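*Asks:* Take a look at this one; I'll ask things after.
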Amino acid sequence: MSGGFRTLLYKEILRFWKVLVQTVGAPVLTALLYLLVFSHVLSEHVQVYPGVRYTAFLMPGLIMMSILQNAFANSSSSLIQSKITGNIVFVLLPPLSYLEFFLAYLIAALVRGFAVGVGVLLVGLFFADIEMRYPLWILAFALASGAVFACIGILAGIWANQFDNLAAVQNFIIMPLTFLSGVFFSIHSLSPFWQSVTHLNPVFYMIDGFRYGFFGQGDVDPWLGLAVVTPFVLLLSGLTLVMLKSGYKLRH
Amino acid sequence: MTTAVRLRGVEKHFPHVHALRGIDLDIEQGEFFALLGPNGAGKTTLISILAGLTRATKGVVEIMGFDVTRQYREARRALGVVPQELVYDPFFTVRETLRLQSGYFGLRRNDAWIDELLDNLGLADKADTYTRRLSGGMKRRVLVAQALVHKPPVIVLDEPTAGVDVELRQSLWAFIRRFNREGHTIVLTTHYLEEAEALCQRVAMLKEGRIVALDRTENLLRAGAERHLLLELDPPELPAFLQSRLKGREGQHFVLDLPDYGDLEAILANLRAAGIAIRGMSLAQADLEEVFLKIMHGGAS
Ligand SMILES: Nc1ncnc2c1ncn2[C@@H]1O[C@H](COP(=O)(O)OP(=O)(O)O)[C@@H](O)[C@H]1O
Ligand SMILES: [Mg+2]
């Protein structure tokens, strides 16, 4: 990796760090609101796993949802802003390879996702005791899942011509995938039909495996989860690299 | 010596536009070179291809001997580009912008040079200002500084003085000239033809994706436009020996062809010998504007 890579990574992190209130503060607040509303409404009535209070059950899902949405938001909004303002040339003129370009946007997106995730976790500690039984599972699912959404963000940011295009991806792909994935419930409470639908959603495995890292119990085996998520990481990274190498919409 | 910029058979097709139709061009190291042409001629496309922002459909493009696609790292390190559009990153101050740009080129501690750039471009007191707060002219200076952070041997400026006040134009050109004296190759496109005339040793004129004229500036001036001698005579009649030169009249003046200034003395001596007094006289100098218009309207020369 060249010195240019380090600078691009630093710039991508600095970009959201400078407006931390919007890029980290706001999503943490959103997660907090979900936490307050859902735990207040449901906490007395729902017992998902034996020995796990609903508020505690909710936390990993909220953290993962925050990581995913913010990893996507970081890479996609950075790219679309640079394209629309034209300052994307500042990073296209220097001697950076497409691999360095990819890794800088990927890692910065993960850093932003994790910053929000940690923020949500810290807030959650005020409301529930959260054990973290298997930190390695937690880390593995956070990394793999964050990477998938960072890649979707890069792809969408390069493809989109305006903010409207990104909003469409956000509203019609990212939101449904994350909401219909068991953030707020265990799929065992669903009808068999909806259970099988949810099993088709890769985000379900991301959240379930992540949650397993906290409680040591989940809806499916975490190894199965990893086996589902890893191909998505490889597929989307590969797709993003091919797109960057081709110069699609960046080097006409 | 390696050619600074080498283009061979370069073509560019956009979906509905054939923007470049076979460009062959060598720009030597140390040249101050102008690329002229009307809007849409393909100047920016050509520069984008040099910079790797656009890929040529066909042809070979080298910067300091490095192929811009196969050896893109070396080629881009050798090139500094001031883009035509006034772009900036609103998140950063002037100094941050220049530090980041240095970093992209692998230069970690570049502050001494950054300070020199800021001083020379009149940006020293704006170092900690966010670029979005700067006026258009100031933003342009930041773009120039950004193109120079890595002291590239080849510097390309795409209409750097469009919409910029006269004072800045002067100081900008003084600064760019200094780079040229130190051996850097300068390529510019401009709409101000007098700028190209004053600064550039060589000029290429581009029209609809083709080079229609390419020569040293003085050759273009000599070949491209006739020089005229304007005479007001007393008595106001043109003697026979000058009839063949007559182009027309402008008020009291006869407009005469004068391709060679050396003929002037003989003409004046003959007039004196014929007893004709000279009331007024002027020489009409060709300028690049005229050459430009002539070539653009008259097709290839
Ligand atoms: N990205 C693009 N897509 C399609 N056509 C383009 C693109 N960029 C430039 N062109 C076209 O190519 C031609 C040359 O444009 P340009 O290089 O910008 O000219 P100049 O800089 O000399 O004014 C124009 O007809 C322009 O419309
Ligand atoms: Mg142009």
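The values are calculated or read from the model by the stated rules, or taken from the named source; none is laboratory data. Fair warning: this is a prediction, and the values are worked out from it, not measured in the lab. In this analysis, Cβ positions are derived from the backbone assuming ideal geometry, glycine residues included, and neighbour counts consider all displayed protein chains. Surface accessibility is based on the protein's heavy atoms, side chains included, excluding ligands, DNA and RNA. Shrake-Rupley method; radii C 1.70, N 1.55, O 1.52, S 1.80 Å.
*Asks:* Using only the heavy atoms of the protein chains and a 1.4 Å probe, how would A:18, A:245 rank by accessible area, largest first?
*Replies:* A:245, A:18
*Asks:* Continuing with this model, one more query. As an exercise, identify the GluC sites (Glu not before Pro) in the stretch B:220-265 lying in DSSP coil whose Cβ has no more than 16 other Cβ atoms within 10 Å.
*Replies:* For GluC sites (Glu not before Pro) across the stretch B:220-265 that sit outside H, G, I, E and B with at most 16 neighbouring Cβ atoms in 10 Å, the list reads B:226, B:237.
*Asks:* Mind checking which aspartates and glutamates have their Cα closer than 18 Å to the Cα of residue A:11? Skip sequence neighbours fewer than 8 apart in that chain.
*Replies:* Of all the aspartates and glutamates, those that pass the test against residue A:11 - Cα under 18 Å, at least 8 places apart if same chain - are A:100, B:89, B:96, B:111, B:128.
*Asks:* Name the lysines eligible as straight-distance cross-link partners of residue B:247: C-alpha to C-alpha under 23 Å, and not fewer than 8 places from it in the same chain.
*Replies:* B:294
*Asks:* In whole Å, what is the distance between the alpha-carbon centres of the stretch B:168-201 and the stretch A:224-252?
*Replies:* Cα centroid to Cα centroid, the span is 45 Å.
*Asks:* Which distance in Å, rounded to a whole number, links the C-alpha centroids of the stretch A:60-93 and the stretch A:142-221?
*Replies:* So the two Cα centres are separated by 18 Å.
*Asks:* Check which residues have an amide H placed less than 5 Å from residue B:210's amide H, if you skip close sequence neighbours.
*Replies:* HN-HN under 5 Å from residue B:210: B:21.
*Asks:* Show the residues, 5+ positions off or on another chain, whose built amide H is closer than 5 Å to the amide H of residue B:82.
*Replies:* B:156, B:157, B:158
*Asks:* Between 0 and 90 degrees, rounded to the nearest ten: what's the tilt of helix B:166-181 against the longest Cα principal axis of chain B?
*Replies:* Helix B:166-181 sits roughly 80 degrees off the main axis of chain B.
*Asks:* Determine Rg/Rh for the stretch B:48-180; Rg is computed over alpha-carbon atoms and Rh is the Kirkwood hydrodynamic estimate from the same atoms.
*Replies:* That ratio equals 0.97.
*Asks:* Using a 1.4 Å probe on the heavy atoms of the protein chains only, list every residue of the stretch B:79-109 that has 40 Å² or more less accessible area in the complete assembly than in its chain alone.
*Replies:* Buried by 40 Å² or more upon assembly, which counts only protein chains, are B:87, B:89, B:91, B:92, B:100, B:104, B:108.
*Asks:* Springs between alpha-carbon atoms under 10 Å, Gaussian network over chain B: tell me which of B:82, B:154, B:212 tops the mean-square fluctuations.
*Replies:* Top of the fluctuation ranking is B:212.
*Asks:* Then there's this: Using the heavy atoms of the protein chains alone and a 1.4 angstrom probe, what is the accessible area of chain A per residue in square angstrom? Before the final figure, lay out each step's value.
*Replies:* On the way: 10700 Å² over 252 residues.
Spelled out: the 1.4 Å probe surface of chain A, per residue, equals 42 Å².
*Asks:* Additional query: Whole-Hz Karplus ³J(HN,Hα) for the stretch B:191-202, in order, using 6.51 cos²θ - 1.76 cosθ + 1.60 and θ = phi - 60°, x for Gly and Pro?
*Replies:* These are the phi-based 3J(HN,Hα) values: 8, 7, 5, 4, 5, 4, 5, 6, 9, 9, 7, 9 Hz.
*Asks:* At 1.4 Å probe size, what's the solvent-accessible area of residue B:129? Round to the nearest 10 Å².
*Replies:* Solvent-accessible area, nearest 10 Å²: 40 Å².
*Asks:* A further question follows. Taking 35 Å as R0, compute the FRET efficiency from the Cβ-Cβ separation of residue A:230 and residue A:41 and round it to 0.05.
*Replies:* In this case the efficiency is close to 0.45.
*Asks:* Of B:249, B:140, B:99, which has the largest mean-square fluctuation in a 10 Å C-alpha GNM of chain B?
*Replies:* Among B:249, B:140, B:99, the largest mean-square fluctuation in the Gaussian network model of chain B belongs to B:249.
*Asks:* Provide the solvent-accessible area of residue A:134, counting protein heavy atoms only and rolling a 1.4 Å probe, rounded to the nearest 10 Å².
*Replies:* 90 Å²
*Asks:* On the full set of protein chains, 1.4 Å probe, figure out the accessible area of residue B:268 and give it in Å² to the nearest 10.
*Replies:* Its heavy atoms expose roughly 40 Å² to the probe.
*Asks:* Helix A:222-246 against the longest principal axis of chain A: what's the angle in degrees, Cα atoms only, rounded to the nearest 10?
*Replies:* Once rounded, one gets 20 degrees.
*Asks:* Next up: Report the residue, chosen from A:106, A:241, A:42, that carries the largest GNM mean-square fluctuation when chain A is represented by alpha-carbon nodes joined by springs under 10 Å.
*Replies:* Of A:106, A:241, A:42, the Gaussian network model singles out A:42 as fluctuating most.
*Asks:* Students sometimes get this wrong: rank A:1, B:296, A:175 by accessible area, probe 1.4 Å, all chains present, largest first. Each step should come with its number before you reach the end.
*Replies:* Values: A:1 135, B:296 20, A:175 55 Å².
Largest accessible area first, the list is A:1, A:175, B:296.
*Asks:* Roughly speaking, what is the centre-to-centre gap between the stretch B:105-130 and the stretch B:28-81 when only Cα atoms are used, to the nearest Å?
*Replies:* Here the two parts' Cα centres lie 26 Å apart.
*Asks:* Helix A:135-159 sits at what angle to the longest principal axis of chain A, using alpha carbons and giving 0 to 90 degrees rounded to 10?
*Replies:* For helix A:135-159, the angle is close to 40 degrees.
*Asks:* Express the carbon and sulfur contribution to the solvent-accessible surface of the protein assembly as shown as a percent, rounded to the nearest whole number, probe 1.4 angstrom. Walk me through the numbers before you get to the answer.
*Replies:* Details: 14290 of 24590 Å².
Of all accessible area on the protein assembly as shown, carbon and sulfur atoms account for 58 percent.
*Asks:* Could I ask something else about it? Go through A:252, B:297, B:184 and list them by solvent-accessible area, largest first, probe radius 1.4 Å.
*Replies:* If we order A:252, B:297, B:184 from most to least accessible, we get B:297, A:252, B:184.
*Asks:* Got a sec to turn the phi values of the stretch B:82-88 into Karplus ³J(HN,Hα) couplings, 6.51 cos²θ - 1.76 cosθ + 1.60 with θ = phi - 60°, whole Hz, x for Gly and Pro?
*Replies:* 9, x, 5, 6, 7, 9, 7
*Asks:* As a test of the definition: with a 1.4 Å probe, what buried accessible area, both sides summed, do you compute for A against B, in Å² to the nearest 100?
*Replies:* 2700 Å²
*Asks:* Among the lysines, which fall within straight-line cross-link reach of residue B:139, defined as a Cα-Cα distance under 19 Å, with same-chain neighbours fewer than 8 residues apart omitted?
*Replies:* Answer for residue B:139, where 19 Å is the Cα cut-off: A:83, B:126, listed by chain and number.
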